[in-house]
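Notes follow once the structure below has been shown.
The values are calculated or read from the model by the stated rules, or taken from the named source; none is laboratory data. Keep in mind the model is a prediction, meaning the values are calculated, not measured. All Cβ positions, glycine included, derive from the backbone under ideal geometry; neighbour counts span all protein chains shown. SASA here: full protein model, heavy atoms, side chains in, ligands and nucleic acids out. Shrake-Rupley method; radii C 1.70, N 1.55, O 1.52, S 1.80 Å.
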Amino acid sequence: MTLSQADRAAVEAAARQIRIDTVRMVHAAACGHPGGPIGMADFMATLFLRHMNLSPETLHRPDRDRFVLGNGHTCAGYYSILSQKGLIPRDELLTFRKLGSRLQGHPHRTPDMGIDFSTGSLGNSLSVSLGMALAAKSNGWDTRVYSASSDGESQEGQIWEAATAAAHYGASNLTVLVDFNNVQIDGHMRDVMDVRDLREKYEAFGWHALDVDGHDIDAIDAALVAAREETARPSALICHTLIGKGVSFMEDQPGWHGVAPGDEDARKALAELGIEGAELEAMMA
Amino acid sequence: MIATPELAPLFDGVEPRKAATRNAYGEALLELGASNPDVVVLDADLSGSTKTKAFGKAHPERFFNMGVAEANMIGVAAGLASQGKVAFASSFAMFATGKAFEQIRQSVCVPELNVKICATHAGLTVGEDGKSHQMLEDVTIMRVIPGMQVIVPADAVEAHQAVLAAAEIPGPVYVRLSRASTPVVFSDDYRFEFGKAAMLRDGGDLAIVAMGVTVAAALEAADTLSTMGIEARVLNMSTISPMDSDAIESAARDCGAILTAEEHQENGGLGEAVAQAVVRTHPVPMEMCGMNGSFGQSGTGDELLAHYGLDAAGLVARAQQLLKRKQA
Ligand SMILES: Cc1ncc(C[n+]2csc(CCOP(=O)(O)OP(=O)(O)O)c2C)c(N)n1
Ligand SMILES: [Mg+2]
């Protein structure tokens, strides 16, 4: 199952825009987390464009799909895709992390922007997502709950309490997308605290679990379809990604977890993402 | 203090001096590592930020990075301490105390173990990360646990000494440290005394009792008040538990009014702890400058301190209100 050329192009464009917006927002804020959202761009774009029914029209429908960003530090990319979906004004993006902004350093639950939950403290997200999924089931809705998580967040014990409970309750309307980039703050995840094979772990916990190339849009889409078709178990998509994917000097570099690019690096990053000439000068002005 | 290649120099030579208390923690840990072979250090994927990394490089066999798993970290620290180690455990204040409250109570404080929780990035001065990371309730939840001793250093000089002292004080200790570079209020010959409030300035019109980064603001406020003919006593209440209630009683008797200042919730924090001592000894009018029951938000540390009235100007305004009540 592959996407039509036009569909794939739309997702690719949205992913590229996530990368560009992330560089600009973190650069403008002079702090924040660029690497994670740039690495997650392909699966976030696929999810929000092709699977979640969140839009200005559905925003206040109680049975629409839900999303929880467990690795809340990667919210620059989340705000970007929400703005691309028409839920956050584009010109608000550069207020990121500033006093009084709706675009807080970690997401704050804001129904008018489609931000379904407050996050930032790692480990809490899967329990909350399960609660949302159980609520939808008890209402008889076909709402799907998507939860983003990460290899770092998988070190928190609460994730595994939630995983146990989600399988126990057969929360088949719950899908977690794990940004597995082998990076956390103190270095490469395998050196700091190896979580090992997360597909095997989720499987052992009773989940429908798949390894996915987190930069292959067709593969991500197919995995999300498989998750939707699974009717008995919750689904875990272990998205194997490269932190900073698409910005050569950030790729696989733990140092870009939480450091803002200065002028020179921002310019280099934007150039690598295909911004040039007058457009680049305008962005850097 | 010793200079180390792993840690940026504590003071950059610029006057007036500024430094982050977390940097002083990193230096003190290195000294403890050299002087006390029983000292072990644990971190939860924040060793670069909490400054435990230098200890980890110097003593890899006594350093345990537990990953993003704070509750487990505190439990493991308790196990190490039960076997005779002096276990320093670090993360951001939010996660060190928030994620692991129950482990701190059950596995550290009930068995009265030598676990020293040195938590950085406390309070509003975390800045842009916002409310999920701005821990404003840690002093409350630590000071209420029986046996937990709570220290909030005012600056890097005091933080350095407080960490060395924490290794010597028997039992659980919580040390609250900051991310931001903040004014240094003490000269290098200052001597921290556990359990004793230091009077940094005397005055008879009111007393300002402050902890942590607001001590510098209290001193600045006292200068401003002095130009208005108001003389403020300034107390550095760096040990919150056990509290120096003698110093509070004297301040109440001598000044007749007390203003507290903290980068923390007033509920359960320094303000409430001081109020407890005041009503038990010598009741006088009080005002509290702290977080008045709200979370923080993104912004720079300085912007946030001003926004919530915790800078010198905010303290001056509240001091004036307090004096009206005292005179009424
Ligand atoms: C409970 C908790 N502990 C610690 C932190 C600080 N922190 C923020 S991100 C992070 C590393 C997480 O690893 P991962 O999500 O894999 O990061 P990335 O791949 O985006 O670099 C840590 C320790 C936190 N936000 N929450
Ligand atoms: Mg990661």
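Residues in the stretch A:43-91 that are surrounded by fewer than 15 Cβ atoms within 10 Å (Cβ to Cβ), of a type in the set (D, E, K, R) and within 25 Å of A:Ala223 (Cβ to Cβ): A:Asp63 only. Cβ contacts < 6 Å: first residue surrounded by fewer than 24 Cβ atoms within 10 Å (Cβ to Cβ), restricted to the stretch B:39-53; second residue charged (D, E, K, R), any location; separation 6+ or different chain. Result? Sorted first by the residue in the stretch B:39-53, then by its partner, the pairs are B:Val40/B:Arg62; B:Val40/B:Lys85. Output the residue which, of all residues in the stretch A:114-131 that are within 17 Å of A:Thr74 (Cα to Cα) and open to solvent by less than 10 Å² (accessible area, probe 1.4 Å), is nearest to the other protein chains (Cβ to nearest Cβ). So, considering only residues that are within 17 Å of A:Thr74 (Cα to Cα) and open to solvent by less than 10 Å² (accessible area, probe 1.4 Å), the one nearest to the other protein chains (Cβ to nearest Cβ) is A:Gly120.
One residue stands out in the stretch A:1-48 among those that are within 14 Å of chain B (Cβ to nearest Cβ) and not in a loop (DSSP other than H, G, I, E, B): the one that is farthest from ligand 1 (Cβ to nearest atom), namely A:Ala28. Quick test for you: out of A:Arg190, A:Arg228, pick the one residue that is basic (Lys, Arg) and away from ligand 1 (no atom under 13 Å from the Cβ). One residue alone meets the criteria, A:Arg228. Return a yes/no flag: does the stretch B:285-296 have any residue that is touching a helix residue (DSSP H, G or I) at 6+ places or on another chain (Cβ under 9 Å), assigned to a loop (DSSP other than H, G, I, E, B), within 14 Å of another protein chain (Cβ to nearest Cβ) and under 24 Å from B:Thr182 (Cβ atoms). Yes: the stretch B:285-296 contains one or more residues that are touching a helix residue (DSSP H, G or I) at 6+ places or on another chain (Cβ under 9 Å), assigned to a loop (DSSP other than H, G, I, E, B), within 14 Å of another protein chain (Cβ to nearest Cβ) and under 24 Å from B:Thr182 (Cβ atoms). For the stretch B:238-271, which residues satisfy the criterion of being in contact (Cβ under 8 Å) with a residue 60 or more places away in the chain and under 15 Å from the mean Cα position of the chain (by Cα)? Across the stretch B:238-271, the qualifying residues are B:Ser238, B:Thr239, B:Ile240, B:Ser241, B:Pro242, B:Glu262, B:Glu263, B:His264, B:Gln265, B:Gly268, B:Gly269, B:Leu270. Looking at B:Glu168, is it more than 20 Å from B:Glu266 (Cα to Cα), open to solvent by less than 10 Å² (accessible area, probe 1.4 Å) and assigned by TED's automatic domain parsing to the domain that holds B:Glu31? No, not satisfied. Only one entry of A:Leu134, A:Leu99 meets the criterion of being part of a helix (DSSP H, G or I) and surrounded by fewer than 24 Cβ atoms within 10 Å (Cβ to Cβ), and that entry is A:Leu134. When the stretch A:183-194 is filtered for residues that are touching a residue at least 40 places away in the same chain (Cβ under 8 Å) and either near ligand 2 (Cβ under 7 Å from one of its atoms) or part of a strand (DSSP E or B) (or both), the ones remaining, listed by number, are A:Val183, A:Gln184, A:Gly187, A:His188. Can you find a residue that is of a type in the set (D, E, K, R), crowded, with 22+ Cβ neighbours inside 10 Å and within 16 Å of ligand 1 (Cβ to nearest atom) anywhere in the stretch A:161-184? Yes, some residue in the stretch A:161-184 is of a type in the set (D, E, K, R), crowded, with 22+ Cβ neighbours inside 10 Å and within 16 Å of ligand 1 (Cβ to nearest atom). Taking the criterion of being of a type in the set (Ser, Thr, Tyr) and away from every other protein chain (no Cβ under 14 Å), the residues of the stretch A:132-161 that qualify are A:Ser138, A:Thr143, A:Tyr146, A:Ser147. Taking the criterion of being in a loop (DSSP other than H, G, I, E, B), open to solvent by 50 Å² or more (accessible area, probe 1.4 Å) and not small (Gly, Ala, Ser), the residues of the stretch A:243-285 that qualify are A:Lys245, A:Glu251, A:Asp252, A:Gln253, A:Val259, A:Glu276.
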